[in-house]
Structure formats: C-alpha cells, structure tokens
Amino acid sequence: MSITNNLVKLKNELANNVTLVAVSKTKPLLDIQEAYDTGHRHFGENKIQEMVEKYEQLPKDIKWHMIGHVQRNKVKYMTDFVHLIHGVDSFKLLKEINKQAIKSERIIDCLFQIKIAKEDSKFGMDKADVLNVISSAEFAELKAVNIKGLMGMATFTENESVIKEEFTYLKDTFEEFKELSKSNFNMEILSMGMSGDYQLAIECGSNMVRIGSTIFGERNYN
C-alpha cells in the first residue's frame, strides 16, 4: 500500500480526539511531501539536525514535533519553528528551552517525558521529579515554555499486560497532574503509543500517537 493509503486508513481508524504524529525520521522529503499532500500536518523527528534540514525544504505550515532525546546544546537550532517538544526529561533541559525560546520571541509547548519502561535505555523523569520542578519558584519564572502534558514510551516487549500497566500508570499520573494546573503547566496532551502499541495506548487514554512504520514502511538506517 502507498503512504497515502496507509495514512488515510489509519486516520479513519483513529477517533477525532486523537492527534496522529507521522514519524518521518530517516524518511526522504518525497515521502513526507506525499503524506503532506493528503492534508496531514503533524510530523515527528528524533534528531534536531534532520528536522531542521527538512523544515528548510518543506512547506512552512508543517507542525514539527521533536520526539527524540534532546541535547541541551542543540535546542537553539529548533526554537524558531518547533511545534511541540515531547522529550523534556530534566529541569536543566526545560530551562535551556525557555532561554532559547526568549531569544526566538516564542512560547514553546513541551511535554514532560515520564520514564514508564523498565529498560535502562529509555529516558524520562519520575513523578517525584516533576512535582519538585513544578512546585519550585524557578519553574514559575519560566514564561517562554508551556508544559502541555506528558509523554512516555512503554517497554519493548510482546507482553501486552506489561505495556498496559505502564500506559495505565502514565494515564493515572496525567489525571493527578491535571489537578495541579498553573499558568505554564496545563495537562491537555497524553502522548503515548507507537506503531506496535498505539491501539492499546488509545484504550488506556492516549490522545496523541507517534506512528512511523505503519505509515511509511520499515526504516532503513544504513
């Protein structure tokens, strides 16, 4: 099936309240343009340099999502245009985003990445980390960032009950944090679920899914 057919089929499956981020990492411009031509606008990348190169060459109404691990020294390259940063996994990173957003004269929407997987390779904060951050006076002073929700990545396993437990924990955390709303902390987005587990993620309450291979086919990392 073509990218167009894959995308149309997937969108017909998803409820209206679920935002689909088409994960275009490693994919050529022509593939992204084909998806764009169906009317799709949300695209996700996991490397800032690759996202910048694609931003420069593709239509400017694309909403670019940075879904990968973010190095603080590279934040400045994306703050002029990034739509949503999913992987905020430390207060230091958030402060750097705020600093660069001020220079870009923007308020940048972000998600706190919560570590829900058992794997050491996954990044993220725990619930206590987030509570400490948002209760601090320093966080209240960050006027150029807006925490819009949470993101999490489940353990890479065939065991669906493990994945469901992790997604449920993140959803429960999301609901708890909703009660702590502040001017720069408003829980609206729960980003969880990828090609292999998005249906389960949606069942568990996700309203944003990050899907790549189901749309674009398998990746070639060579």
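Values in this text are rule-based calculations from the coordinates and carry no lab data. For clarity, every value in this text was computed on a predicted model and none was experimentally measured. Because the Cβ atoms are built from the backbone with ideal geometry, glycine has one as well, and the counts that use them run over all protein chains shown.
Below are the figures for this structure:
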read-out	value
Segment LYS47-GLU218, extension gain: residue separation times 0.36 nm, minus the distance between their alpha carbons	59.8 nm
Under 5 Å, built H, 5+ apart or other chain: amide partners of VAL70	none
Among LYS92, LYS164, LYS127, residue whose mean-square fluctuation peaks in a GNM of the chain (springs only between Cα atoms under 10 Å)	LYS92
Under Karplus coefficients 6.51, -1.76 and 1.60, residue-wise ³J(HN,Hα) of the range 50-58 in Hz, glycine/proline x	5, 5, 4, 4, 6, 4, 5, 10, 10
Between the range 141-159 and the range 58-94, the Cα center-to-center distance that results, in Å	13
Label-point gap, in nm, between LYS9 and SER161 - each point 7 angstrom along Cα→Cβ	3.2
Sequence-separation-based contact order of the chain, relative, with Cα cut under 8 Å and 6+ spacing, percent	20
Nearest-0.05 FRET efficiency for LEU131 and ASP80, computed from C-beta distance (R0 22 Å)	0.10
Inter-site label distance for LEU30 and ASP172 at 7 Å from Cα along Cβ, in nm	4.9
Amide H within-cut-off set for THR19, under 5 Å, with H built and near neighbours excluded	MET208, VAL209
Per DSSP, loop chymotrypsin sites (Phe, Trp or Tyr not before Pro) in the range 127-222 with at most 15 further Cβ within 10 Å	PHE156, TYR221
Counting DSSP beta bridges with both ends in the range 3-216, the antiparallel % (nearest 5)	5
The chain: calculated mean residue ellipticity at 222 nm from DSSP helix runs of at least 4, using -39500 (n - 2.57)	-10500 deg cm²/dmol
Potential extension, LYS118-LEU180 segment - 0.36 nm per residue separation minus Cα distance	19.6 nm
Two-site label geometry, SER2 and SER195: point separation in nm, points 7 Å out along Cα→Cβ	2.0
Additional length obtainable on full extension of the chain from LYS60 to THR38, 0.36 nm per residue less Cα span	6.3 nm
Gyration tensor verdict on the range 3-216 (Cα atoms; rounded if a/c is under 1.5, prolate if a/b is larger than b/c, oblate otherwise)	oblate
For ILE108, residues with placed amide H under 5 Å, excluding near neighbours	VAL145, ASN146
